[in-house]
Amino acid sequence: MGNKVERFFKIGCFCIMMISALNVGAQNLINGKKIFETRCLACHQSDGGGVPNMNPPLDGSTNVNGKDIARMVKIIQNGYDERVALDGMYYNNAMIAMPDLKEDAIADVLSYIRNSWSNKAGLVTLAEVKKSISKNKVNKK
Amino acid sequence: MKKGLSILSLFLLVLSIVGKAQENAGLRLPAGFKASLFADNIGSARHITITKSGVVFAKLSNPNKEGNAIIRLEDANHDGVADNITGWGKYGGTGIYVKGNSLYASSNEAIFKYELNSKDEVVNPSNPVTVVSGLINRRQHESKSITFDKGNNVYVNIGAYSNSCQTKDRTPGSQGMMPCPILDSAGGIWKFDGTKENQTYKDGKRYATGLRNVIGLDWNTETNQLFVMQHGRDQLNTLFPNLYNDSLNAELPAETFYAINEGDNAGWPYVYYDPSQHKKIVAPEYGGDGKKEGAKEYKDPAVAFPAHMAPMGVLFYTGTQFPEKYKNGAFITFHGSWNRAPLPQEGFFVAFVPFKNGKATGEWEIFANGFGGNAEGVKVINTGKAKARPVGLAQGPDGSIYVSDDTKGAIFKISYNK
C-alpha cells in the first residue's frame, strides 16, 4: 500500500517536472518565434526555406541542427558574410550583425530555428549562449 | 473484357491528367501561344542569347554539376527541344550577348569575348579576350548584365553594394551618407567599347547613375535608346518601423522601368518611387517621412511595377511571329519577390509592356504566368518553394521567345501559332 502511494507520488512528481520543463521550452519557443518574425523572417522566410542563391535555408540545414552553437551565436552577434558553401550551396546576400539582441533572446531564437519546420535539435539554454560568447571572445584573441 | 476496358479507360484518364499537367510546360499563356520545355536542369541559368542560326547560349550564376558556367544548346532536329548541349567556362556570372561573330559573357567583375565559327561553335573557349576587368564586386548586387547598342558599344550595369547607402548597411535607423560615395564606381550603367581589350573604369564612361541595381536591360532599336529595370530598395519596414508597417513595405517602392538618355540620374539612394502616390519620395535615410517629395531633377519611370518582384530580363520584341501588338513592345521577367514577407510573394511571371510610337503606354500585363508552380489565383508564399524563377529572355530567329530559370535551370520556348 505505502509502496504504491510512493510510486504514485514519484510518477506524479516526474510528470510535473516534465510538464514544467516542456513549459519552459514552450515559452522559449514562443519568444523565439517572435524574434524570428521581426528579425530573421524577411531573409530566411516564414518556412525557413530561405531564398535560392541569396539567403540560405535554416530548415534542414546541417549547421542549424548541428552541435556548433558558438558559431551560430557569433553569426547573430557579428553578422555573416563569408560566402562559404552551406550544404553545398553559395549565397550572395550578407547577414547583418544584431549586437542589440540580448543573450536570452539569442537562446530563444536559436531554440526556435532548431525546433521549427522539419528541424528537431536540442533547445539552446542561456548558459550555453553565455559559454559560447566567452568561447568566441577567447578565439578572437 | 469489361475489366480490361475499365483498366484501359483508367489508363487513358491518367494519361490525359499527366498530359494536361505538362501542357505548355506548366505555364499559363494568352490564347494562341504555346510553350515547351526547351531544356531543363542545365544549372542556374541567368541571361540567355541566341545566334542567327538559333543556337542558344546561357550564362550560369555558378558552375553546374559538370563544372561549366556557360552552356551552348542546339536543337539540331528542330523539335523544340535542345538535343546537343555542351558547356565550358569556370566563372559564374549573369551577362551573355551575341554580337556579330562574337559571344560576350560576363563574370561578376569582367566582360570576356569569344569568337564563333560558321557553325556557331566557340573557337577559343579557354582563352577569351578580356574586354573589361576590375569592375566592383562586393557581393551585394554583384552581377554584371550586358547589352549592346546598334554599334559596338557595350553597356554594363554596376550594382550598388548597398541597400540604401546607409552609414551602416541594412541597420535599423542608420542615416544615409551624403553624398553617397558608392555612386562614383557603382549604382549605374557604364559604357565601354566592345571592340577594345583590357579596359578598366578609366576607359569607360558612366552612362547613367542613381540606379541601385539593374539586372534586366535592353537596347530599343526602334527608338535607339537604352531601357533598364531597376530593383527598388528593400526593408523599409525593418529599417524604419515607425514610418512603414509590413503592408506598406510590401507595396513600396515600385520596381521601375526607365528610358535612359546619356547622363540620366534615377535618384537612388536619395529618392524612391511610390506607385500609389505616383511620385518620387525622399528616402527615410535622407530625411524622408514617406510623403516628402524628391527633387525634380531625378528621372521619372516609364512604367512603375509592384514592389520587390525582382525584374531580371528585358527584351524588345522585333519579330513577326507574335501578333502585331507585341511588335517593339518589351517583355520583362520577374524573378519573384522575397521582400514582401510576411505577406505572400509576387512575381514569378513574364510581363509585357506595350509601346506606342516608341513610348511605353504606362500599362503592363502578365504575359506568361505559373513559373512558380502555383495554380491560377494561388500565390507563392515562400520563395524557396517556387518551382522556377524566370530570369533571361531572348528572341529566336523564327520570332519565338525563350525564358530561362535559375532554380534548376529550365529554358522555356514560347511560340505563337494562329
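Miscellaneous remarks
- Filtered GluC sites (Glu not before Pro), the range B:355-385: DSSP coil and at most 16 other beta carbons within 10 Å: B:E363, B:E376
- Residues within the reach of a label modelled at B:S53 (point 7 angstrom out along Cα to beta-carbon, backbone nitrogen below 14 Å), restricted to the range B:395-411, are B:397.
- Inter-label distance, B:K119 to B:K327: 3.7 nm, where each label sits 7 Å from its Cα along the C-beta direction.
- Accessible surface of the range B:112-183 [probe 1.4 Å, protein heavy atoms]: carbon and sulfur percent: 52
- Electrostatic tally near B:G89: other residues with Cβ closer than 12 Å to its Cβ, Lys and Arg +1, Asp and Glu -1, net +2.
- Residue list for the range B:55-69, given a label point 7 angstrom along the Cα-to-Cβ vector of B:S133 and an amide N cut-off under 12 Å: none
- Bins of 10 Å, starting at 0 and running to the largest distance - Cα pair percent for the range B:280-335: 19, 31, 29, 14, 7, 0
- Computed with the Debye formula from one identical point scatterer per Cα of chain B, without solvent, the log10 of I(q)/I(0) at q = 0.09, 0.12, 0.15 Å⁻¹ comes to -0.54, -0.95, -1.47.
- Heavy-atom accessible area per residue - the protein assembly as shown, 1.4 Å, Å²: 46
- Column: log10 I(q)/I(0), Debye, Cα scatterers of the range B:282-399, q = 0.16, 0.17 Å⁻¹: -0.88, -0.95
- Ranked order, B:E262, A:E103, B:E285 - accessible area, probe 1.4 Å, largest first: B:E262, A:E103, B:E285
- Using the Cβ-Cβ distance between B:I85 and B:K379 with R0 set to 30 Å, the FRET efficiency works out to roughly 0.35.
- Distance cut-off 12 Å, percentage of C-alpha pairs in the range B:170-223 lying past it: 75
- Volume per residue of the C-alpha convex hull in the range B:102-240, rounded to whole Å³: 127
- With DNA, RNA and ligands ignored, accessible area of B:H78 (1.4 Å probe; Å², nearest 10): 150
- Computed on protein heavy atoms with a 1.4 Å probe, the accessible areas place B:D193, A:D81 in the order A:D81, B:D193, largest first.
- A 1.4 Å probe, protein heavy atoms only, puts the accessible area of B:D300 near 90 Å².
- Rolling a 1.4 Å probe over the protein heavy atoms leaves B:S118 with an accessible area of roughly 120 Å².
- Calculated on the alpha-carbon coordinates, the convex hull of the protein assembly as shown measures out at 213 cubic angstrom per residue.
- For peptide A:51-57, the mean count of partner chain Cβ atoms within 10 Å of a residue's Cβ comes to 6.
- Simple spin-label estimate for B:T223 and B:N417 gives 3.5 nm between the two label positions (7 Å along the Cα-to-Cβ direction from each Cα).
- Solvent-accessible area buried by pairing B with A, both sides, nearest 100 square angstrom, 1.4 angstrom probe: 1700
- Square roots of five times the Cα gyration tensor eigenvalues for the range B:56-141, Å: 23, 15, 10
- Relative contact order, percent, chain B [alpha-carbon distance under 8 Å, six or more residues apart]: 15
- Calculated FRET value between A:D100 and B:D40, using beta carbons and R₀ = 41 Å, to 0.05: 0.35
- Quarter the surface of the alpha carbon convex hull of the range B:365-418 and you get the mean projected area, 4.7 square nanometres.
The values are calculated or read from the model by the stated rules, or taken from the named source; none is laboratory data. What you see is a predicted model; the values in this text were computed from it and never measured. Using ideal geometry, Cβ is built from the backbone for each residue, glycine included, and neighbour counts are taken over all protein chains shown. In case anyone asks, the SASA skips ligands and DNA or RNA and just uses the protein heavy atoms, side chains included. Shrake-Rupley method; radii C 1.70, N 1.55, O 1.52, S 1.80 Å.
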